[in-house]
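Notes for the one structure printed next.
The values are calculated or read from the model by the stated rules, or taken from the named source; none is laboratory data. Computed from a predicted model, the values in this text were never measured in an experiment. Here Cβ is always computed from backbone atoms with ideal geometry, including for glycine, and neighbour counts include all displayed protein chains.
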Amino acid sequence: MPPTAPAASTSPSADAASAAGHGVATLDVAALREHFPALQGGAAHFDGPGGSQIPSAVAEAVAATMTAPMSTRGSVTQAEQNSDANVLAGRAALADLLGAQPGGVVFGRSMTALTFDLSRTLAKDWGPGDEVVVSRLDHDANIRPWVLAAEAVGATVRWAEFDPTTGELDPQAFADVLSDRTRLVAVTGASNLIGTRPDVAAIAGLAHDRGALLFVDAVHLAAHASVDLEALGADVVACSPYKFFGPHCGALAADPALLETLRPDKLAPSSDAVPERFELGTLPYELMAGTAAAVDFIAGLVPGEGTRRERLVRSFAAVEEHESALRTRIEAALLELPGATVHSRAARRTPTLLVDFAGQGSGEVYRFLATRGVNVPASSFYALEASRALGLGDAGALRVGVASYTDDSDVDRLLDGLEAYFAQA
């Protein structure tokens, strides 16, 4: 199942038509795993929400870029042309992944850095009396940049609360705090802590009715489901390629027309074109090449023809079906363990389970499982507000993250390890 060649980008409106008439293909997990050298190391990886393992094709793309002639972008020398081609390929790949336009894709060091940069740019037009809405469910990277930007200009921050008993983030929580002075709403596409997938499209409608922009953190969502900027109703969507088989960098996508209206701080000689005006300094060409390779790899997970966007939609349908089945199995077993509380309860969610055990430290369980080659970290994973709302404080709990390369033998090892822990506890 080698990665397939890039195909031309298509409009998001084509997604529904391309998916129609296609049954959900079965993911060949055994074949998939052969592409990940790290999986040959013997560990069972349930740590994907913190960063996936990397297929060989991505590492090879990074290495090939760094060992070929390379310089700053241009059109004269081969080195300049190579760098320019990597930038264009990276933008096209992320556009296909996110249902966006290549000209609206911005690369940066991380999603966090890009969000801080964008928050400062947008806040230039905010002032006292203006309001920003953030969600208690979110990772801090989609909370603190907006809070700090608002505080710096005297704007007011309002909070949309989620229900800790169900894990749900109801759109009504946003309706309750929106006003005609709301300038921006920030919400996650999927919680990195408990997996909840809010109804982003409904939240977008509420935000836009008030004249506000909607910023969606799709870092966790993009690893598990097809993302569509237009269908979400998002003005800006952000992701981190290292969550979906790519290198460590960040990207965001928006309508290029929106980006044209924004004036970020930049160096005087640097390009004022969109999206370049948002990319500070020289781009990481090798990481952009690795990102494009990761997108191509996902597009080739199941057989079938079509544009790259169509193949991505088809692959993610198979990924969701596989991951959901494993999540169901794990969740049922967790609920049988003594003193277990599973905090991932939303009706629609990713295969991400947060669990703690009465009388047992999650860190102890984490360390015990690690001795058995089962990687299941315990923390609040930068979702501090959500962890506190769940009553877990800053310590959080044990997070079990299923990935597309997770198989039943990994699950067996996880469940055997948990049984062994409680047998000696």
statement: (1) within 21 Å of Gly246 (Cβ to Cβ); (2) in a helix (DSSP H, G or I); (3) at pLDDT below 95 all hold for Pro2 apart from (2)
message: Quick check on Ala223: is it buried (at least 24 other Cβ atoms within 10 Å of the Cβ), touching a residue at least 60 places away in the same chain (Cβ under 8 Å) and closer than 29 Å to Glu286 by Cβ?
response: yes
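Table: residues versus (1) in a loop (DSSP other than H, G, I, E, B); (2) buried (at least 17 other Cβ atoms within 10 Å of the Cβ).
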site: Leu122; (1), (2): no, yes
site: Pro128; (1), (2): yes, no
site: Glu151; (1), (2): no, no
site: Ser179; (1), (2): yes, no
message: Step by step: first the residues of the range 390-404, then only those that are touching a Pro at 6+ places or on another chain (Cβ under 9 Å) and either hydroxyl-bearing (Ser, Thr, Tyr) or assigned to a strand (DSSP E or B) (or both), then the one that is farthest from Val319 (Cα to Cα). Which residue is that?
response: Leu398
- request: May I ask you to say which residue of Ser387, Ser409 is outside the structural domain of His139 (by TED's automatic domain parsing), in a helix (DSSP H, G or I) and under 23 Å from Thr165 (Cβ atoms)?
  value: Ser387
message: Taking the conditions exactly as written (among the acidic types (Asp, Glu), at negative phi, part of a loop (DSSP other than H, G, I, E, B) and free of Cβ contacts under 8 Å to residues at least 60 places away in the same chain), does Asp138 satisfy them or not?
response: no
query: Among Ala234, Ala201, Ala225, Ala190, which is the only one that is at pLDDT 95 or above and not in a loop (DSSP other than H, G, I, E, B)?
result: Ala201
- line: Listed by first then second residue, the pairs whose first member lies in the range 33-54 and is within 17 Å of Arg327 (Cα to Cα), whose partner is part of a strand (DSSP E or B) and of a type in the set (Lys, Arg), with beta carbons under 7 Å and at least 6 positions apart or on separate chains, are Pro49/Arg399
Where a residue in the range 247-267 is more than 20 Å from Gly99 (Cβ to Cβ) and its partner, wherever it lies, is of a type in the set (Asp, Glu), with Cβ under 7 Å and at least six apart: Pro264/Asp117
query: Any idea which residue in the range 153-169 is surrounded by the fewest Cβ atoms within 10 Å (Cβ to Cβ), counting only those that are in a loop (DSSP other than H, G, I, E, B) and touching a helix residue (DSSP H, G or I) at 6+ places or on another chain (Cβ under 8 Å)?
result: Glu161
